[in-house]
Amino acid sequence: MSVIDLRSDTVTRPSPAMRRAIADAEVGDDVLDGDPTVRQLEQRVAELVGMEDALFFPSGTQANQTGVSLCAERGTELVIEANAHLVHYELAGVAMIAGVQIRPVVTPDGVLTAELARGALRGTSPRLPRSGAIAVENTHNAAGGKVMRPEVMAAIAALARESGLRLHLDGARLWNAAAALTTAPATLTRGATTVMVSLSKGLGCPVGSCLAFARELRPRAWEMRKRLGGGMRQSGILAAAGLYALEHNLPRIAEDHANARRLADLLADSPTVRPSAPETNIVMLDLLREADTADRVIPRLAERGVLVVPFAARRLRAVTHLDVSRADVERAAGVIREVLR
Ligand SMILES: Cc1ncc(COP(=O)(O)O)c(C=O)c1O
C-alpha cells in the first residue's frame with residue numbers, strides 16, 4: 001500500500017531531474033567570496049517577487065526572523081494577525097531574536113486588514129510601547145491557506161507608510177496566493193519592506209527560503225543571517241534545487257489547488273466531516289462527531305495509508321503538493337469517508 005502524505009507541503013522530495021541539477025551545480029564559497037548559483041537564485045527570486053535584491057536562507061524561519069529584525073526596532077511592537085506562523089511556530093523568536101513584542105490582532109478569517117491593523121497601532125504615550133512594524137502572512141497557513149488579495153495588501157502598505165512603519169511579508173506560500181489569483185507574485189508584495197518566500201514548500205526542494213528587500217538592506221540582512229549561523233558555503237548545491245523548482249515545479253502549483261478542491265468536494269456531503277472551502281493547497285477537516293477526536297482518527301487514517309496532522313482537538317489539516325496526484329486525493333477521500341463512517 002502506498003502512503004499518501006498530506007501532512008504538509010514540506011514533505012516533497014527532490015525528483016531525479018532536480019537531483020541531477022543539484023549534482024551539476026557550479027559552486028563557490030558563498031561566505032568568502034560568493035557562490036554563482038546562489039547569486040543566480042537570489043536574483044531570480046528578487047525578480048519574481050518584484051524586489052531589488054534577495055538573500056538565500058536555510059529556512060523560512062531564519063528569513064522571517066531576519067525580516068522582522070530589519071523591520072522593527074528592538075523594544076517595540078510587531079502588529080500581526082493572532083494566528084500567524086510568526087506568533088505560534090517560531091518559538092518566540094521575534095521576542096528573543098528581534099527583541100519585539102507581539103501585538104496580536106484577532107481576525108475572523110486570518111486576513112489582517114488595514115482597518116484591524118490600525119486599531120492595534122499605539123498612540124504616542126510615555127507609558128505605552130511604540131508600534132515597531134507590521135507583519136502579514138500570504139497565504140495564511142492556520143487559516144487554511146487563505147489568500148490575502150492585492151487590494152488588502154495595498155491598504156496595509158498604505159497604513160504602514162503613513163504610520164512610518166516597515167512591513168514584513170511572510171510569503172512562505174506566496175506562490176500559492178499568486179497562482180490562486182492568477183497574478184504575478186510581484187503584485188502581492190508592493191509596499192513590503194521585506195518579503196520571505198519558501199522553496200521547500202510544495203516545490204520539491206530539500207531546503208531553502210529567500211528574503212527579498214531593497215538593495216540598501218542587503219548588508220544588514222547579510223549580517224543578521226551570519227549572526228544566526230545561516231552563512232552557508234557551497235550552498236549552490238541547494239540553490240540549484242531552488243532554480244530547478246522555480247522553472248519546472250512552480251508553473252504547476254495550480255494543480256495542487258485543484259486537488260485540494262477535489263478532496264473537499266468529495267467530502268462535502270459527508271455527515272461526519274466538514275471540509276473547508278480551500279482557496280489554495282490546504283484543506284481543514286472538521287470532525288463533526290464528539291467521539292471523533294484528531295488523536296483517535298489520525299492513527300486510523302495512517303493504518304490505511306493516509307497521513308494528515310492535527311490542527312485542533314477535532315480538526316485535521318490536509319495539504320496537497322507536488323508528490324500527491326488527483327488519484328491520490330480521490331483515494332484519500334475514500335479512506336477518510338470509510339474511517340469516519
Ligand atoms: C507561513 C509559514 N511561514 C514560515 C514558515 C517557516 O518555514 P521553515 O519551516 O522553512 O522554517 C512556515 C513553515 O511551515 C510557514 O508555513
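A Cβ distance below 9 Å, combined with a sequence gap of six or more or placement on separate chains, defines the contacts here; from the range 229-248, residues that are farther than 15 Å from residue 36 by Cβ reach residues that are among the polar types (S, T, N, Q) and part of a helix (DSSP H, G or I) in the pairs 229/62; 230/62; 230/66. The listed residues are 92, 114, and the only one of them that is over 17 Å from residue 194 (Cβ atoms), surrounded by 15 or more Cβ atoms within 10 Å (Cβ to Cβ) and of a type outside the set (Phe, Trp, Tyr) turns out to be 114. Would you point out the residue of the range 64-84, among those that are of a type in the set (A, V, I, L, M), crowded, with 19+ Cβ neighbours inside 10 Å and not in a helix (DSSP H, G or I), that is farthest from the chain's Cα centre (by Cα)? Only one residue fits best here, namely 72. Inspection of the range 316-324 identifies at least one residue that is out of contact with any strand residue (DSSP E or B) (no Cβ under 8 Å at 6 or more places or on another chain), outside any strand (DSSP E or B) and in contact (Cβ under 8 Å) with a residue 40 or more places away in the chain. Restricting attention to the range 24-63 and to residues that are surrounded by fewer than 19 Cβ atoms within 10 Å (Cβ to Cβ) and aliphatic (A, V, I, L, M), the residue that is farthest from residue 198 (Cα to Cα) turns out to be 32.
Based on this model, can you work out whether residue 268 counts as more than 21 Å from residue 200 (Cβ to Cβ) and surrounded by 21 or more Cβ atoms within 10 Å (Cβ to Cβ)? It is false that residue 268 is more than 21 Å from residue 200 (Cβ to Cβ) and surrounded by 21 or more Cβ atoms within 10 Å (Cβ to Cβ). Just one of (1) over 30 Å from residue 119 (Cα atoms); (2) within 14 Å of the ligand (Cβ to nearest atom); (3) among the aliphatic types (A, V, I, L, M) fails for residue 41. It is (2).
Selection of first residues in the range 61-87 that are assigned by TED's automatic domain parsing to the domain that holds residue 217 and of second residues that are of a type in the set (D, E, K, R) and part of a helix (DSSP H, G or I), restricted to Cβ pairs under 6 Å at least 6 apart or on distinct chains, gives the following pairs, ordered by first then second residue: 66/225; 70/220.
Checking each residue in the range 188-199 for being of a type in the set (A, V, I, L, M, F, W, C) and either within 11 Å of the ligand (Cβ to nearest atom) or modelled with pLDDT under 95 (or both) picks out 196, 197, 199.
The rows are residues; the columns are (1) in contact with a Leu (Cβ under 8 Å, 6 or more places away or on another chain); (2) without any contact (Cβ under 8 Å) to a residue 12 or more places away in the chain; (3) not aromatic (Phe, Trp, Tyr).
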site: 103; (1), (2), (3): yes, no, yes
site: 108; (1), (2), (3): no, yes, yes
site: 112; (1), (2), (3): no, no, yes
site: 117; (1), (2), (3): yes, no, yes
site: 120; (1), (2), (3): no, no, yes
site: 127; (1), (2), (3): no, yes, yes
site: 137; (1), (2), (3): yes, no, yes
site: 141; (1), (2), (3): no, no, yes
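Within the range 20-49, residues that are in contact (Cβ under 8 Å) with a residue 12 or more places away in the chain sit with their Cβ atoms under 7 Å from residues that are among the basic types (Lys, Arg) and surrounded by fewer than 19 Cβ atoms within 10 Å (Cβ to Cβ), at 6+ positions apart or across chains, in these pairs: 29/233; 30/233; 31/233. Taking the conditions exactly as written (among the charged types (D, E, K, R) and part of a loop (DSSP other than H, G, I, E, B)), does residue 90 satisfy them or not? Spelling it out, residue 90 is indeed among the charged types (D, E, K, R) and part of a loop (DSSP other than H, G, I, E, B). Candidates 87, 49: the one that is under 15 Å from the mean Cα position of the chain (by Cα) and within 11 Å of the ligand (Cβ to nearest atom) is 87.
Tell me, which residue of the range 200-216 that is near the ligand (Cβ under 9 Å from one of its atoms) and either basic (Lys, Arg) or within 15 Å of residue 281 (Cα to Cα) (or both) is surrounded by the most Cβ atoms within 10 Å (Cβ to Cβ)? The extreme case among them is 201. Look at (1) assigned to a loop (DSSP other than H, G, I, E, B); (2) surrounded by fewer than 21 Cβ atoms within 10 Å (Cβ to Cβ) and you find that residue 247 fails only one, number (1).
The values are calculated or read from the model by the stated rules, or taken from the named source; none is laboratory data. Values in this document were obtained by computation on a predicted structure and should not be read as measured data. Neighbour counts are summed over all protein chains in view; Cβ atoms, including those assigned to glycine, are modelled from backbone coordinates with ideal geometry.
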